[in-house]
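Let me begin by presenting the structure, written as structure tokens, before commenting on it.
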């Protein structure tokens with residue numbers, strides 16, 4: 001009788017298999033970079049890039065890593081709301097150093113000290129800024145009516 005009851009429960013789906021956590025459950029690792037909701041550092045060519053800020057938690061996480069980078073660009077609109085550029089290209093001496101798609105609102109780059117031109121595209125419109133990166137973090141607050 002017990003075997004029949006167990007078989008009935010199993011066939012009805014009332015008995016859950018124990019196989020470990022579901023793959024879409026969040027990770028609770030002590031390593032902040034292993035937490036799925038946060039932006040990750042990626043290498044684009046020889047440049048370390050941290051691009052993100054899609055939530056308050058991610059903004060705080062990205063800002064907490066600022067000391068690891070030499071250039072920080074924050075895109076915002078006229079009302080101060082965060083913005084995202086369709087594409088950002090960093091150039092030095094006429095050569096492309098790195099291009100990042102869907103950049104922002106925070107874009108962190110680890111580049112050597114020097115003079116750079118930053119070109120950002122917003123819905124087909126280009127904007128450009130010159131920046132000199134030194135030995136400590138250089139911050140650029142890029143406020144534009146084109147940021148959305």
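For segment 59-88, the set of residues classified as part of a strand (DSSP E or B) and within 21 Å of residue 136 (Cα to Cα) consists of 71, 72, 73, 74, 75, listed by residue number.
Restricting attention to segment 60-73, and to residues there that are surrounded by 20 or more Cβ atoms within 10 Å (Cβ to Cβ) and more than 16 Å from residue 44 (Cβ to Cβ), which single residue is farthest from the chain's Cα centre (by Cα)? Result: 61. So, in segment 37-58, of the ones that are assigned to a strand (DSSP E or B) and surrounded by fewer than 12 Cβ atoms within 10 Å (Cβ to Cβ), which residue ends up farthest from the chain's Cα centre (by Cα)? Top of the filtered list is 43. Among the residues of segment 74-103, those identified as within 13 Å of the chain's Cα centre (by Cα), closer than 18 Å to residue 43 by Cβ and surrounded by 14 or more Cβ atoms within 10 Å (Cβ to Cβ) are 100, 103. As a summary of the residue check, residue 49 satisfies the conditions (1) modelled with pLDDT under 95; (2) out of contact with any helix residue (DSSP H, G or I) (no Cβ under 9 Å at 6 or more places or on another chain) except for the one numbered (1). Just one residue in the set 104, 67, 134 is in contact with a strand residue (DSSP E or B) (Cβ under 7 Å, 6 or more places away or on another chain) and at pLDDT 95 or above; that residue is 104. Taking the criterion of being touching a helix residue (DSSP H, G or I) at 6+ places or on another chain (Cβ under 9 Å), crowded, with 17+ Cβ neighbours inside 10 Å and not in a strand (DSSP E or B), the only residue of segment 104-148 that qualifies is 105. The residues of segment 92-103 that are farther than 18 Å from residue 76 by Cβ and part of a strand (DSSP E or B), listed by number, are 92, 95, 96, 97, 98, 99, 101.
The values are calculated or read from the model by the stated rules, or taken from the named source; none is laboratory data. Owing to the predicted nature of the structure, the values given are computational and were not obtained by experimental measurement. Because the Cβ atoms are built from the backbone with ideal geometry, glycine has one as well, and the counts that use them run over all protein chains shown.
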